[in-house]
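Data block below; observations after.
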Amino acid sequence: MIMINSWYEMPYIYHKMRRFGLSLLRHISSLPSSFTAPSVTRTFSLHQGVFTGSPTCYQGTFPGHSCQHRRGVSTALRRHIQDLSGPEQRLLEKLYEGLIGGQRASLAESITLVETQHPRKKELAQVLLQRVLAYRREQESRNGGKPVAFRVGLSGPPGAGKSSFIEVVGKMLTGRGHKVSVLAVDPSSCTTGGSLMGDKTRMTELSRDMKAFIRPSPASGTLGGVTRTTNEAIVLCEGAGYDIVLVETVGVGQSEFAVADMVDMFVLLIPPAGGDELQGIKRGIIERADLVVVTKSDGDLVVPARRIQTEYTSALKLLRRQSKSWNPKVVRASSHTSEGIPEAWAKMESYRDAMLASGELQGRRRAQQKVWMWSLIQENALCHFQNHPSVREALPHLEERVTKGAISPGLAADLLLKAFSSSSSSPQ
């Protein structure tokens, strides 16, 4: 049994699970094309050019496939849209029109659709997303190719005051004319699976603001608390006209890696007087931060907050720069008195302007799309592995032997992977 002593030790476990996922992907990629082709064609039919005009021949989309073959796939895409029933078409049209019209109810319903686990509804969600993506590309082209929204991820240890900080910043931004959406992930119970969804309760003022949209989602056991559909929810929020998207995570360590791969800027919130502060500075976490905010800098905590600010500033100097256009900053802020809040947002604006001017922000977004695609592939591959008949047949026996110490977990994993690959590659 692995004991997790603190919030920053979780990336190690995440790394181990990621290695298993990559190993599984290697086994799947070695299977015959006759086994993997149907699933690839089905996925492609949902994602590629559903709402675009003429079929385009994309170089390098499918190695070994001709342009004529890809045009045939595009024809299949149009047939897929035609397969939608009348009620499904009306539902998607209603959601899309309400979404781009800025209706919060349509946005909430659309996010619910992408969060569903129902196979058919997941397909409908991808069709809706494809249309929203086309709409967003049109907006960006009118904006000179620059993103129309600013995505900010916020994380930190429990008790750092993330929700309080978001509410104060959100109210300030809506007062300046911005539309702010908050995607907050609440930790789920390990026993019941329930979640308090307390973010709307803590953000009382912001939740009543008509220029703000708060969407709490249960972590549901997802590593890091960033759900599988958070990236899709960001796209929907941007399509609904929200120019500031704030993503708040549970803050258990590996969430920093997940959220940093879907936002333009990653902000790490650190509370003062938390013990050995430098012990919390782990290289893999702090090096992802574009801005560090020392929260609760008021009253008797001002002196500890200043000390932590100095320590983190010194620590950041030891790390290699991630960007040529930006040096990470450390600021202090108080959600109680609002002192330092405008300055913290000014740093975020300076980051956005510098990254846009250099083109790094656009490049980061392009790279993030690829990373997130592979993340979804790993998740779906693991689900396919777990539901495979040979794996389900051998799993109870191997689990029992592992728990009794008869075989090592590594050997059991290898046996399951071999059972999966051998049965999958056998002639049907």
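The values are calculated or read from the model by the stated rules, or taken from the named source; none is laboratory data. In this text the structure is predicted, and so the values were computed from the model without any measurement. Reconstructed Cβ throughout: ideal geometry from the backbone, glycine too, with neighbour counts over all protein chains shown. Just so you know, the surface numbers come from the protein's heavy atoms only, side chains and all, with ligands and any DNA or RNA stripped out. Shrake-Rupley method; radii C 1.70, N 1.55, O 1.52, S 1.80 Å.
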When you check Lys122 against the structure, is it at pLDDT 90 or above, part of a helix (DSSP H, G or I) and surrounded by fewer than 17 Cβ atoms within 10 Å (Cβ to Cβ), yes or no?
no
Just the residues that are of a type in the set (D, E, K, R), loosely packed, with under 15 Cβ neighbours inside 10 Å and more than 27 Å from Gly363 (Cβ to Cβ), please, taken from segment 324-340.
Glu339
Determine if segment 331-344 includes at least one residue that is within 25 Å of the chain's Cα centre (by Cα) and in the same structural domain as Ala258 (by the TED database).
yes
Flag for Asp290 being modelled with pLDDT of 90 or more and either surrounded by fewer than 18 Cβ atoms within 10 Å (Cβ to Cβ) or out of contact with any Ser or Thr (no Cβ under 7 Å at 6 or more places or on another chain) (or both):
yes
Can you tell me which residue is modelled with the highest pLDDT among those in segment 231-259 that are part of a helix (DSSP H, G or I), open to solvent by 10 Å² or more (accessible area, probe 1.4 Å) and within 23 Å of Pro158 (Cβ to Cβ)?
Ala258
The residue from Ser141, Ser163 that alone is touching a strand residue (DSSP E or B) at 6+ places or on another chain (Cβ under 8 Å) and either open to solvent by less than 30 Å² (accessible area, probe 1.4 Å) or hydroxyl-bearing (Ser, Thr, Tyr) (or both) is Ser163
Lone unmet requirement of (1) surrounded by fewer than 16 Cβ atoms within 10 Å (Cβ to Cβ); (2) basic (Lys, Arg); (3) in contact (Cβ under 8 Å) with a residue 12 or more places away in the chain; (4) under 30 Å from Glu140 (Cα atoms) for Arg321:
(3)
From Glu343, Glu399, Glu349, residue being of a type in the set (Asp, Glu), without any contact (Cβ under 8 Å) to a residue 12 or more places away in the chain and either out of contact with any Lys or Arg (no Cβ under 7 Å at 6 or more places or on another chain) or open to solvent by 50 Å² or more (accessible area, probe 1.4 Å) (or both):
Glu349
Could you tell me whether Ala354 is open to solvent by less than 70 Å² (accessible area, probe 1.4 Å), in a helix (DSSP H, G or I) and either farther than 20 Å from Arg288 by Cβ or touching a residue at least 40 places away in the same chain (Cβ under 8 Å) (or both)?
no
Looking at the structure I just gave you, is Lys317 modelled with pLDDT under 90 and either within 12 Å of Met265 (Cβ to Cβ) or under 25 Å from the mean Cα position of the chain (by Cα) (or both)?
no
Is there any pair linking a residue in segment 132-160 that is in a loop (DSSP other than H, G, I, E, B) to one that is of a type in the set (S, T, N, Q) and open to solvent by 40 Å² or more (accessible area, probe 1.4 Å), with Cβ under 9 Å and at least six apart or on different chains, and which?
Val148/Gln139
Test of understanding: among Ile308, Ile285, which residue is open to solvent by less than 70 Å² (accessible area, probe 1.4 Å), among the β-branched types (Val, Ile, Thr), part of a helix (DSSP H, G or I) and modelled with pLDDT of 85 or more?
Ile308
Check segment 201-211 and report whether any residue there is small (Gly, Ala, Ser), modelled with pLDDT under 95 and assigned to a helix (DSSP H, G or I).
yes
Failed item in (1) open to solvent by less than 60 Å² (accessible area, probe 1.4 Å); (2) modelled with pLDDT of 90 or more; (3) over 30 Å from Gln126 (Cα atoms); (4) touching a helix residue (DSSP H, G or I) at 6+ places or on another chain (Cβ under 8 Å), with Ser423 passing the rest:
(2)
